[in-house]
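Below: the structure, in structure tokens.
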Amino acid sequence: MEIPYAVHPRPDTGIYNAKVGIWLFLASEVMLFGALFSAYVLIRVGTPPGGWPHGWQNVTLGTLNTLVLAVSAITTLMAWVACKVRQFGKFKFFHACTLLLALTFLCIKGFEYDDHLTHYEIHLVAGSAAGSIADGHMVDNDPQKDYVVIKGRYANDEKELIDLRSQKEVQETELKIPRSQIKDMQSYGPWHNDYLALYFTMTALHALHILGGSIVIGYLWGPGRKLWKVDPEHFTNRVEVSGLFWHFVDLVWIFLFPVLYLM
Amino acid sequence: MSELKTAGQHNAPFVGESELQGHAVDFKSYLRRCVFVLIAVVGAVSLMLFASYLPAERFSWPAKVAMILAIACTNAFVVAGFLMHLISEKKMIYTLLAFTTFFFAGLIGLTVWAMQDFPAGTVTH
């Protein structure tokens with residue numbers, strides 16, 4: 001049985017059903033991300049002055065990822081245009097570009113996550129000569145050894161570590177810290193503070209959307225292209241619907257980038 | 001992505017099918033549109049970065065946040081308008097988006113409204 005209005009627009013809505021479906025889905029997605037953004041507003045406004053971290057993200061990598069997604073949104077659109085003008089070779093090229101750019105985005109995001117998860121804040125026992133906190137990236141954390149090595153610096157107060165943007169140059173050296181001097185240590189994962197909890201939740205959810213979109217685009221580029229030979233207009237509509245989702249993912253990042261990296 | 005108003009350059013055996021929804025597509029005009037969007041996005045990102053590094057002595061934090069969000073909204077409008085074709089969509093989509101905007105505004109608005117709404121005896125910072 002043929003699914004009605006998969007290609008032709010419905011007379012009452014003026015568009016084909018899948019397009020109504022994707023817009024309804026995107027509306028629900030707006031509410032999903034909206035809930036997280038409202039959580040951000042609530043927590044951010046409730047934080048005491050001077051307590052919100054600044055400069056904890058690599059702005060260069062964030063900017064690069066923004067541009068990567070912007071270009072991928074364009075290649076997605078051009079893939080659809082190529083389908084419309086019946087140039088399947090160009091469609092394959094543009095969709096391959098989108099997939100590569102999505103992979104690039106995820107790799108950069110993975111690198112950023114790794115950077116946070118290997119970054120430690122080590123609280124030292126009272127009376128330690130250099131300071132009360134050692135902060136930096138873990139170099140050696142072999143449990144067999146009675147010391148850890150990080151590449152970072154000492155600080156006297158957590159407040160020194162909150163606003164990194166105002167600190168022009170931070171000298172980092174390799175610090176060898178005996179385990180006997182360590183009171184506790186914690187990586188910069190989502191458990192570290194509210195900001196990182198929001199950062200990891202929002203960006204991980206966004207990255208999952210990138211992954212999901214990539215799977216759909218990969219399917220259309222690979223096994224799904226059989227439909228092109230049978231019903232090119234139906235295939236073109238599928239590309240359009242997947243493209244709308246991809247543009248939405250780009251839109252979310254347009255707000256995530258300033259909120260988490262710049263503000 | 002369906003309201004396309006430019007003339008078509010079909011080189012395909014399916015001539016006429018892309019007019020199923022009453023429009024045709026021109027590859028080159030879309031390429032030009034994409035270049036415009038890319039330039040706009042790069043410009044918007046540069047402006048956001050510039051705004052975020054403005055000196056704190058001359059620009060208050062709320063002013064900087066407002067500037068950055070205004071630029072982000074403009075950037076989003078360009079992407080949604082031109083890449084998602086929202087500047088020329090069907091009434092059905094606009095209706096759906098109007099409802100979404102209403103509920104989204106409600107979601108954020110209720111959060112902000114309830115921000116100081118603590119039960120009696122709650123200890124805060």
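The values are calculated or read from the model by the stated rules, or taken from the named source; none is laboratory data. Note that the structure is a prediction, hence the values are computed from the model and not measured. Here the Cβ is made from the backbone with ideal geometry for all residues, glycine too, and neighbour counts use every protein chain on show.
Put simply, of A:L227, A:L208 the only residue that is touching a helix residue (DSSP H, G or I) at 6+ places or on another chain (Cβ under 9 Å) and either farther than 24 Å from A:V45 by Cβ or not assigned by TED's automatic domain parsing to the domain that holds A:S28 (or both) is A:L227. Among the numbered conditions (1) more than 10 Å from chain B (Cβ to nearest Cβ); (2) at positive phi; (3) in contact with a His (Cβ under 7 Å, 6 or more places away or on another chain), the only one that A:A79 does not meet is (2). Determine if region A:141-149 includes at least one residue that is touching an Asp or Glu at 6+ places or on another chain (Cβ under 7 Å) and modelled with pLDDT of 90 or more. Yes, because at least one residue in region A:141-149 is touching an Asp or Glu at 6+ places or on another chain (Cβ under 7 Å) and modelled with pLDDT of 90 or more. Right, A:V68: at the interface with chain B (Cβ under 7 Å from one of its Cβ atoms) and either in a helix (DSSP H, G or I) or touching a residue at least 60 places away in the same chain (Cβ under 8 Å) (or both) or not? It is false that A:V68 is at the interface with chain B (Cβ under 7 Å from one of its Cβ atoms) and either in a helix (DSSP H, G or I) or touching a residue at least 60 places away in the same chain (Cβ under 8 Å) (or both).
For B:F104, are the conditions met, namely being of a type in the set (F, W, Y) and facing chain A (nearest Cβ under 7 Å)? Taking the combined requirement at face value, the residue satisfies it. Residues B:L47, B:L97, B:L54: which one is surrounded by 13 or more Cβ atoms within 10 Å (Cβ to Cβ), within 10 Å of chain A (Cβ to nearest Cβ) and not polar (S, T, N, Q)? Matching residue, one of B:L47, B:L97, B:L54: B:L97.
Of everything in region A:138-180, what is in a strand (DSSP E or B) and of a type in the set (G, A, S)? Give them in sequence order.
Across region A:138-180, the qualifying residues are A:G152, A:A155.
Mind listing whichever residues of region B:75-91 are of a type in the set (A, V, I, L, M) and part of a helix (DSSP H, G or I)? Residues satisfying the conditions are B:A76, B:V78, B:V79, B:A80, B:L83, B:L86, B:I87.
Based on what the data block shows, is B:L110 free of Cβ contacts under 8 Å to residues at least 24 places away in the same chain, under 22 Å from A:V249 (Cβ atoms) and not aromatic (F, W, Y)? Answer is no for this residue.
Where residues in region A:15-53 are crowded, with 16+ Cβ neighbours inside 10 Å and in contact with a strand residue (DSSP E or B) (Cβ under 9 Å, 6 or more places away or on another chain), which of them is farthest from the other protein chains (Cβ to nearest Cβ)? By that ranking, first place goes to A:P53.
Of the candidates A:V252, A:V259, A:V216, A:V239, the single residue that is among the aliphatic types (A, V, I, L, M), assigned to a helix (DSSP H, G or I) and touching a Cys at 6+ places or on another chain (Cβ under 8 Å) is A:V239. Here A:V7 fulfils each of the conditions (1) in contact with a His (Cβ under 7 Å, 6 or more places away or on another chain); (2) without any contact (Cβ under 8 Å) to a residue 60 or more places away in the chain; (3) buried (at least 20 other Cβ atoms within 10 Å of the Cβ) apart from (2).
Residue-by-condition table, conditions (1) over 22 Å from B:V25 (Cβ atoms); (2) buried (at least 23 other Cβ atoms within 10 Å of the Cβ); (3) touching a residue at least 60 places away in the same chain (Cβ under 8 Å); (4) not basic (K, R):
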{"residue": "A:I215", "(1), (2), (3), (4)": "yes, no, no, yes"}
{"residue": "A:Y219", "(1), (2), (3), (4)": "yes, no, no, yes"}
{"residue": "A:P223", "(1), (2), (3), (4)": "yes, no, no, yes"}
{"residue": "A:K226", "(1), (2), (3), (4)": "yes, no, no, no"}
{"residue": "A:H234", "(1), (2), (3), (4)": "no, no, yes, yes"}
{"residue": "A:V239", "(1), (2), (3), (4)": "no, yes, yes, yes"}
{"residue": "A:W246", "(1), (2), (3), (4)": "no, yes, yes, yes"}
{"residue": "A:D250", "(1), (2), (3), (4)": "no, yes, yes, yes"}
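Screening B:K28 with (1) of a type outside the set (G, A, S); (2) within 30 Å of A:K229 (Cα to Cα); (3) modelled with pLDDT of 90 or more gives one miss only, at (3). State yes or no: is A:F105 buried (at least 16 other Cβ atoms within 10 Å of the Cβ) and of a type in the set (F, W, Y)? Judged against the criteria, A:F105 is a match.
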